[in-house]
Structure formats: structure tokens, C-alpha cells
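To start, the structure under review is shown below, and the notes come after it.
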Amino acid sequence: MQQAVIVRTRESLQSQIAAARSDGKQVGFVPTMGALHDGHISLVRKAGENADFIVASIFVNPAQFAPGEDLDRYPRNEAGDVARLSEAGCNLVYCPSVEEMYPEGSITNVRVEEMSDLLDGIYRPHFFYGVATVVARLFIHVKPDVAVFGEKDYQQLQIIKRMVRDLGFGIEIIGGKTWRDNDGLAQSSRNAYLSEEERQRANAVFSALHRASCRIRIGVPVEDVMKEARGAILAAGFSKLDYVSAVDPVTLQDLPDGPLEQGRDCRLLAAAWMGSTRLIDNLGV
Ligand code: PAF
């Protein structure tokens with residue numbers, strides 16, 4: 001196993017990438033906030049299937065946390081993360097400082113309108129603006145050919161695809177499948193916040209989405225299925241439900257009431273609170 005090189009400045013990042021490019025290599029990129037789990041590692045492997053020089057970033061982006069959210073307690077483990085990334089075939093790890101990403105006096109942000117104000121955007125109004133801004137900046141630093149994002153953050157993935165299309169970044173965006181524990185719980189760095197007892201019940205979001213997907217497929221009206229899913233999640237001990245929605249997989253707009261139209265695609269998304277931990281999940285129909 002070759003140890004990935006760690007760089008902390010844009011300048012050293014770009015000189016490493018220039019050297020790889022001069023060897024004719026295609027650059028694949030996986031942006032992360034660290035605290036890596038198997039899902040992240042699968043994204044690195046996927047990048048390796050689509051490019052030959054793999055860069056990952058570790059940057060806990062303050063712009064996507066609102067005051068009072070978990071920025072300060074977000075899990076951090078750089079040495080462990082770099083070891084896992086190296087093992088997965090990552091060549092270069094970019095760990096910029098806040099100043100490197102947001103130079104003093106920075107006032108330029110990226111807003112992907114409409115799609116950022118739905119679903120999670122209703123509950124975390126700042127969130128996707130922070131994500132789009134940092135991802136645009138990371139793309140400008142890394143200039144990859146291909147970038148891989150997890151489907152676990154489905155709304156984020158669609159927003160980034162739209163940003164890349166609208167701004168003409170010329171980067172291929174690939175979605176990596178959600179990694180789940182044996183009981184269906186989607187892997188997430190925030191699962192570390194769950195107590196043992198909360199963890200036992202946390203897969204109820206996945207179970208409700210799975211059942212909802214089957215019910216929509218057999219023609220049960222979407223609004224009835226959403227109501228059942230909401231009931232099931234709350235009955236399992238989630239303290240609060242932000243949303244369970246059936247939406248168009250690309251625009252993220254709500255689907256019309258009634259049975260799903262023949263040939264129409266649908267994505268189910270949910271966000272719910274288990275105690276003080278907010279979990280999100282999604283599933284295709
Ligand atoms: O999905 C994440 O970990 C973050 O939102 C991302 C894409 C690395 C931007 O900070």
C-alpha cells in the first residue's frame with residue numbers, strides 16, 4: 001500500500017496534480033469532511049474505476065453549518081482518515097485550512113436557486129449554499145476530470161450536478177451508492193452520535209422508505225404512502241420528522257397526488273430526528 005501524500009495549500013496541491021497530469025493521468029476527486037466510513041471509501045474506489053490519479057479532500061466546511069449546529073463537535077480523525085484513504089488507493093489528500101478555502105475578505109458564494117430551498121433546504125436554509133460554494137471552490141483548486149459524491153446525500157448530489165451543468169465546469173459527476181449496515185441504516189459520520197439504544201431504532205427510516213417504495217410500485221396513491229411512512233417513523237421512536245417526500249429524481253419537485261404515473265421515476269427522501277441526531281436517507285422507486 002502506498003501512503004497518500006498530504007497537502008495543505010492550493011499551491012502544493014496543484015504542483016502534485018500537475019506532475020500527475022504530465023504523466024498523462026486523469027484526475028478523480030472525492031470531497032469529504034473526514035470521519036470516513038465505508039461509504040466514503042467506496043466513493044474513493046469508484047473514483048479509481050474512473051480515473052487514475054485520485055485526490056480526496058478533508059475539510060469541515062464552516063459555511064454549511066448554521067450557528068448552533070454541530071460544527072464544533074463534528075468528528076475529526078485526520079490520521080485515521082488518511083490511512084483509510086491510502087488503503088483505498090487515494091494518491092493525494094488535500095486538507096486545506098479555512099483561510100485557504102475562504103481567503104480573508106472573501107465575499108463570493110454560489111447559490112443553486114430553487115433546488116436548494118426544498119426538502120433539507122427548508123430546515124437548513126444556509127446548507128446547500130455552503131455546500132455549493134465550497135464544492136465550487138474545491139473544483140477550482142483541484143480541477144478534476146471526474147468527481148464522486150454519495151447518493152446518501154441525494155439532494156446535494158443533484159444540486160452539484162446542476163451547478164456543474166449551469167456553470168460549465170466540465171467535470172463528470174458520478175453518484176456512489178449508499179452503504180448500509182446489516183439492518184439497513186445508511187452509513188453516516190453522524191451515526192457516531194447515536195446511543196446504543198437509539199442505534200437499535202435508527203433503521204426505521206430505511207424500513208419506512210423501503211416499504212413506501214414497494215407500496216408506490218404497486219399503485220398505492222403517493223399521498224397515502226407518505227402518510228403511512230410518516231406514521232411508521234414516528235412510531236419507531238423518532239422524536240421529530242422534518243419530511244418524508246416523494247419527488248422527481250432530477251428536479252426534486254414534489255410528485256402529484258395519486259398513483260405514480262406509468263414510466264415516471266420517483267425518489268423518496270426523509271429527514272428525522274433520533275434524540276438530538278438528525279438522520280437523512282433516500283431510496284429510488
Ligand atoms: O458531503 C459532504 O461531506 C460535504 O457536504 C461536502 C460535499 C464534502 C462539502 O463540504
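Side notes on the structure shown:
- When the C-alpha to C-alpha distance is required to be over 24 Å, the pairs from 25/46; 46/161; 46/240; 152/240; 152/227; 25/143 that qualify are 46/240.
- Given +1 at the Cβ of Lys and Arg, -1 at the Cβ of Asp and Glu and no other charges, the dipole of the chain around its Cα centre is 280 debye to the nearest 20.
- The chain: antiparallel DSSP beta bridges as a percent of all, rounded to 5: 45 percent
- Highest-fluctuation residue, 239, 97, 106 considered, GNM on the chain with Cα pairs under 10 Å: 106
- 222 nm mean residue ellipticity, helices alone, for the chain (DSSP H n ≥ 4; -39,500 (n - 2.57); rounded to 500): -11500 deg cm²/dmol
- Projecting the Cα atoms of 149, 115, 9 onto the dipole axis of the chain, where Lys and Arg carry +1 and Asp and Glu carry -1 at the beta carbon, places 149 farthest toward the positive end.
- Normalised per residue, the accessible area of region 1-113 is 51 Å², obtained with a 1.4 Å probe and no contribution from ligands, DNA or RNA.
- Sorted on the mean count of surrounding Cβ atoms within 10 Å across their residues, most packed first, peptides 247-256, 137-146 read 137-146, 247-256.
- Of all accessible heavy-atom area on the chain, the percent that carbon and sulfur account for (1.4 Å): 49 percent
- Counting only whole DSSP H helices of the chain, the ones at least 15 Å long by C-alpha along their axis and with mean Kyte-Doolittle hydropathy no lower than 0.5 are 127-142.
- Each of residue 140 and residue 49 was given a label point 7 Å from its Cα along the Cα-to-Cβ line. The distance between the two points is 3.3 nm.
- Note that region 235-285 presents 43 Å² accessible area per residue, ligands and nucleic acids not counted, probe 1.4 Å.
The values are calculated or read from the model by the stated rules, or taken from the named source; none is laboratory data. As the structure is a computational prediction, the values presented were derived from the model and not from experiment. Using ideal geometry, Cβ is built from the backbone for each residue, glycine included, and neighbour counts are taken over all protein chains shown. Note: accessible area is taken over every heavy atom of the protein model, side chains too, but ligands, DNA and RNA are not part of it. Shrake-Rupley method; radii C 1.70, N 1.55, O 1.52, S 1.80 Å.
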